[in-house]
Amino acid sequence: MESLRILAENFGRLEGVGKKTATRMAFSVLEWDREDVESFAKAILDAKEKIHLCPICQNLTDKDVCPICADPERDHSLICVVTDARAVMAMEKVREFRGVYHVLHGMISPMNGITPEQLKIRELLLRIEEGNVDEVIVATNPTVEGEATAMYLSKLLRPIGVRVTRLAYGVPVGADLEYADEITLFRALEGRREV
């Protein structure tokens, strides 16, 4: 069953999908009727053809400008810098942030050959140069790469006169302090606030 093997291999190319899951997905597709399979294939092709980067924030969109950048109710003076489009989706689920975003499409990682020039930093600088940006929130992950990216952006943006802040990271609700790593505890102390 060469066709089934090829289908499973293609599902296995998806991030986070292992061999067993890919095989289950392939068998699932075989159980669908032809109309559902064609609809699924069309959805993949449509997404690939229509989704592109927003020319302002570099987020994924199928419009000329993404809905967040186009929203006049958002605070365009407050930019939250994230590493990828998934982070925008996560932040939007919280429904508390009313600013706009800038997607870097990665983090600085010399070990993996990723330099600042490969990220969407130049586009961020152009947005700031246009004016009306008061604060940039750096919301990269609390990893070595995320911290390196945050430090790089901070050193780059502070001389421009823009306030640069970092998300506070800390101990998650329900976690025991004894199991928290040093970076998490440091961030929890650093991001403390009055109660």
- Item | Extension gain from R5 to F40, taking 0.36 nm per residue of separation minus the Cα-Cα distance | 10.7 nm
- At a 1.4 Å probe radius, which order do V136, V37 fall into by accessible area, largest first? V37, V136
- In the structure shown, do any of K48/K93; K42/K93; K63/K155; K48/K155; K50/K155 have a Cα-Cα gap over 31 Å, and if so which? K63/K155; K48/K155; K50/K155
- What is the chain's relative contact order, in percent, from Cα pairs under 8 angstrom and six or more apart in sequence? 13
- DSSP beta bridge pairing in the chain, given as percent antiparallel to the nearest 5: 20
- Note on the structure: Out of V133, V29, V17, a Gaussian network model of the chain with alpha-carbon springs under 10 Å gives the largest mean-square fluctuation to V17
- Task: Give me the Debye-computed log₁₀ of I(q)/I(0) at q = 0.12, 0.15, 0.20, 0.22 Å⁻¹ for the range 70-153, equal point scatterers on Cα only, no solvent, two decimals.
- Result: -0.35, -0.54, -0.93, -1.09
- Can you give the extra length, in nm with one decimal, that the chain gains between L185 and V65 once fully stretched, where that is 0.36 nm per residue apart less the Cα-Cα distance? 39.3 nm
- Query: Could you state the principal axis extents of the C-alpha atoms in the range 3-111, from the largest down, to the nearest angstrom?
  - Reply: 52, 39, 24
- Which residue, L78, L126, L14, has the most motion in a Gaussian network model of the chain that connects Cα atoms within less than 10 Å? L14
- Expressed in Å to one decimal, the Kirkwood Rh of the chain from all distinct alpha-carbon pairs is 19.7
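The values are calculated or read from the model by the stated rules, or taken from the named source; none is laboratory data. This one's a predicted model, so the numbers in the text were calculated from it and none came from an experiment. Note: accessible area is taken over every heavy atom of the protein model, side chains too, but ligands, DNA and RNA are not part of it. Shrake-Rupley method; radii C 1.70, N 1.55, O 1.52, S 1.80 Å.
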